Amino acid sequence: MRPLLPSQVAWYVTGRFYAADTGSILDVGYFLHLPGIDDGDLFAGTPGEATACFTFAAAPFTASQVSNGGLSLALDAVGEFGLYLNRRPAATFDDPQSFAAGEEIARFRRRNIVVGATVAGPAETAGQAGGSPAPPALISQNVFSAALLWSCEFEHAGRRHDLGRLLPHGITQWGTASAQPMPPPAGYSTSLPFVGWAVAVG
């Protein structure tokens, strides 16, 4: 099992960012693609969080804000996130902690702060003439690199795997968040869906 080539696609993920009532932030989600694992073996049924065999969850972190005209910049502190194998998938976005309920198979640490940029679009007039402006459209993007801290060998779908052999130097990931927030679960003030894609670091 050879390491992925530098800049080769490592994974695709989707998940949600959560802002807790305490002020901390975390993100959780599941994998749509992982190296060395057939895409058909990533889910135990129709693809979705409830059937995802591989999930991730970040340790809660804090962020500071910087504004520059129509840009709102979030500076996320350095932190760690774990990857989990769920032999009995049961994750739900109504309970962010459920994404860390499986067997931890790898842990990564972001190498530096993460700068996320939110772009505000022009306000749109509500449906009727003379109506008040609708909220501006938003696009949020970020990018970060993360080093592999540790991994372990595991068995799935009759084969043995170790992400540390494929991604020994870590990954660089880009992410895009949805403009439409989702109703947050109890204890959280914000929930935003996102998609991310990563490449191997050489």
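Computed from the coordinates by the stated procedures, all read-outs in this text should not be read as laboratory data. Computed from a prediction, not measured in an experiment: that's the story for all the values here. As a convention, Cβ positions derive from the backbone with ideal geometry for all residues, glycine included, and neighbour counts pool all protein chains shown.
Computed quantities for the displayed model
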quantity	calculated
Whichever residue in the stretch 1-28 is assigned to a strand (DSSP E or B) and touching a helix residue (DSSP H, G or I) at 6+ places or on another chain (Cβ under 7 Å) and, among such residues, is farthest from Tyr188 (Cα to Cα)	Val28
Which numbered condition Leu166 misses (of (1) closer than 24 Å to Phe61 by Cα; (2) out of contact with any strand residue (DSSP E or B) (no Cβ under 6 Å at 6 or more places or on another chain))	(1)
Check on Ser64, out of contact with any Cys (no Cβ under 7 Å at 6 or more places or on another chain), loosely packed, with under 15 Cβ neighbours inside 10 Å, of a type in the set (S, T, N, Q) and assigned to a strand (DSSP E or B)	yes
Inter-residue pairs, beta-carbon under 6 Å, first without any contact (Cβ under 8 Å) to a residue 60 or more places away in the chain and assigned to a strand (DSSP E or B) and in the stretch 32-53, second buried (at least 16 other Cβ atoms within 10 Å of the Cβ) and polar (S, T, N, Q), 6+ apart	Phe43/Thr51
First in the stretch 165-188 and touching a residue at least 60 places away in the same chain (Cβ under 8 Å), second anywhere and among the charged types (D, E, K, R), Cβ under 6 Å, 6 or more apart	Pro185/Asp94; Gly187/Asp21
Listing of strands (runs of 3 or more DSSP E) fully contained in the stretch 141-202 that carry 2 or more residues being surrounded by 18 or more Cβ atoms within 10 Å (Cβ to Cβ)	171-177, 188-200
Residue selected from the stretch 40-61 under the condition of a type in the set (Ser, Thr, Tyr) and crowded, with 16+ Cβ neighbours inside 10 Å, by the criterion farthest from the chain's Cα centre (by Cα)	Thr51
Residues satisfying the stated conditions in the stretch 14-39, i.e. among the small types (Gly, Ala, Ser) and buried (at least 19 other Cβ atoms within 10 Å of the Cβ)	Gly15, Gly29
The stretch 85-98 residues that are touching a residue at least 12 places away in the same chain (Cβ under 8 Å), paired with ones that are of a type in the set (Phe, Trp, Tyr) and assigned to a helix (DSSP H, G or I) (beta carbon under 9 Å, 6 or more apart)	Asn86/Phe99; Ala91/Phe99; Thr92/Phe99; Phe93/Phe99
Candidate set from the stretch 67-93 (those that are of a type outside the set (A, V, I, L, M, F, W, C) and part of a loop (DSSP other than H, G, I, E, B)); member that is farthest from Leu26 (Cα to Cα)	Gly69
Residue list for the stretch 94-122, restricted to those being out of contact with any helix residue (DSSP H, G or I) (no Cβ under 8 Å at 6 or more places or on another chain), part of a strand (DSSP E or B) and small (Gly, Ala, Ser)	Gly116, Ala117, Ala120
